[in-house]
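The values are calculated or read from the model by the stated rules, or taken from the named source; none is laboratory data. Because the structure is a prediction, the values reported are computed rather than measured. Positions of Cβ are backbone-derived with ideal geometry, glycine not excepted, and every protein chain shown enters the neighbour counts.
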Amino acid sequence: MVNITDKIKEIEDEMARTQKNKATNYHLGLLKGKLARLRAQLLEPAQGAGGAGGQGFDVSKSGDARIALVGFPSVGKSTFLSKITKTKSEIAAYSFTTLTAIPGVLEYGGAEIQILDLPGIIEGASEGKGRGRQVISAAKTSDMIVMVLDATKRAEQRALLEAELEAVGIRLNQDPPNIYLKPKKAGGVKITFQATPKYLDEKMLYNILKDYRILNCEVLVRDEEATVDQFIDVIMKDHRTYIKCLYVYNKIDSISLEHLDNLAREPNTAVMSCELDLGVQEVVERCWEELQLMRIYTKRKGVEPSFDEALIVRSNSNIEDVCDAIHRTLKDSFKYALVWGASAKHMPQRVGMGHMVADEDVVSIVGTKSGLAAQ
């Protein structure tokens, strides 16, 4: 383990010494490939150990979605959790109050959203300092990360956290690269560019693949803006997680109005003061929007629908997904569905499995067996 850490440090130092220009792109690309492979090796044993003896981090996923609260110590994560859930995470004005992952449940819009208050990340977490590995492992299982930041601190705080998450393969607010890679049993390496690449060349990709011992494969680069880092991400896809992130700046009562206005205008950002209870509900609403959950209400034949309890499904869900959410065997006897709401052209509209539903639709499932309907 120490040997791998030393190798990582050596490569990072060499990259820092190397001037970035067109002549050094090839060398830096190979170094990045080696660095990503070593970081994956460094983290794998810890992830296995965390799963076996989690020490409070191996929290079962429950509810309709999971949000991980990530941030430096004492930025207000525990206070925020206590305000939006019934969970009381220990709160104190000193570092490392939270030593285990504290789960809470946010009830909002008919959904139950699991909130994990993770121990404060410190610089170097990706190298195993503090309890960073366990924090990162739990963050990767989440549907969304809420990065809680201190509005009174300098911008480096956010940059350090992003660098730590980036180093362990967590990609915030990014889509997977538009690069196709298919390993083969024979035939060598075939690399095709759909457009002239700005940052890649065939020799570089070939040598990165060779370093990963991928000697037979087909590569198709569809994006002319694709970078070396993105190509490495495709190779390391089993170690990469693409997660939405909402940056939440706390303690806005301690900054100027001009600073507050600038923060509030940043993309993927919300602001609040937990101490004064300002903006907390707005942060919850932003989380709901970013998770893109939908509420579906079910109806039995001849009975008015109940709006007391919603069925929660993901955005871009269809009737088949609704059936699965009700009961996994419901599709076996599915005949058609009746839909009322924004997704219906007329009400009710008779639809099949592929019909895309909208938020707050009312759905009645009709089966081949007499009397079958959505519960």
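Among residues of the range 93-152 being polar (S, T, N, Q) and at pLDDT 70 or above, the one that is surrounded by the most Cβ atoms within 10 Å (Cβ to Cβ) is 142.
Condition (residue is at pLDDT below 90 and among the acidic types (Asp, Glu)) applied to the range 310-324: is it met by at least one residue? No, the conditions are met nowhere in the range 310-324.
Mind checking which pairs have a first residue in the range 15-40 that is outside any helix (DSSP H, G or I) and a second that is surrounded by 14 or more Cβ atoms within 10 Å (Cβ to Cβ), Cβ under 8 Å, 6 or more apart or different chains? From residues that are outside any helix (DSSP H, G or I), the pairs are 18/28; 18/31; 20/28. Among the residues of the range 132-190, the ones that are in a strand (DSSP E or B) and not acidic (Asp, Glu) come to 16 in all. Taken over the range 228-249, the criterion of being surrounded by 17 or more Cβ atoms within 10 Å (Cβ to Cβ), of a type outside the set (Asp, Glu) and not in a strand (DSSP E or B) is satisfied by 228, 230, 231, 232, 234, 235, 239, 240.
One residue is enough: does the range 156-172 have a residue meeting the conditions more than 18 Å from residue 119 (Cβ to Cβ), surrounded by 18 or more Cβ atoms within 10 Å (Cβ to Cβ) and modelled with pLDDT under 90? Looking through the range 156-172, at least one residue is more than 18 Å from residue 119 (Cβ to Cβ), surrounded by 18 or more Cβ atoms within 10 Å (Cβ to Cβ) and modelled with pLDDT under 90.
For the range 250-259, the tally of residues that are surrounded by fewer than 18 Cβ atoms within 10 Å (Cβ to Cβ) and in contact with a helix residue (DSSP H, G or I) (Cβ under 7 Å, 6 or more places away or on another chain) stands at 0. Consider the range 264-295 and keep the residues that are touching a residue at least 40 places away in the same chain (Cβ under 8 Å) and farther than 22 Å from residue 173 by Cβ. The one that is surrounded by the fewest Cβ atoms within 10 Å (Cβ to Cβ) is 277. Given the criteria under 30 Å from residue 157 (Cβ atoms) and not in a strand (DSSP E or B), does residue 214 qualify? Spelling it out, it is not the case that residue 214 is under 30 Å from residue 157 (Cβ atoms) and not in a strand (DSSP E or B). In the set (1) of a type in the set (Gly, Ala, Ser); (2) more than 28 Å from the chain's Cα centre (by Cα); (3) under 24 Å from residue 65 (Cβ atoms); (4) at pLDDT 90 or above, the condition left unmet by residue 344 is number (3). When residue 6 is tested against (1) farther than 26 Å from residue 200 by Cβ; (2) at pLDDT below 80; (3) not small (Gly, Ala, Ser), only condition (2) is not met.
Of all residues in the range 265-278, none are part of a helix (DSSP H, G or I) and not hydrophobic (A, V, I, L, M, F, W, C). Annotation note: Cβ proximity below 7 Å between a residue of the range 62-80 that is free of Cβ contacts under 8 Å to residues at least 40 places away in the same chain and a residue that is assigned to a strand (DSSP E or B) and crowded, with 20+ Cβ neighbours inside 10 Å (sequence gap 6+ or interchain) occurs for 78/117. Taken over the range 288-328, the residue count meeting the criterion of being among the hydroxyl-bearing types (Ser, Thr, Tyr) and touching a Phe, Trp or Tyr at 6+ places or on another chain (Cβ under 9 Å) is 2. A single entry from 325, 358, 342 fulfils the requirement of being surrounded by 13 or more Cβ atoms within 10 Å (Cβ to Cβ), aliphatic (A, V, I, L, M) and in a loop (DSSP other than H, G, I, E, B): 358. Checked against (1) farther than 14 Å from residue 295 by Cβ; (2) touching a Leu at 6+ places or on another chain (Cβ under 9 Å); (3) assigned to a loop (DSSP other than H, G, I, E, B), residue 316 meets all criteria but (2).
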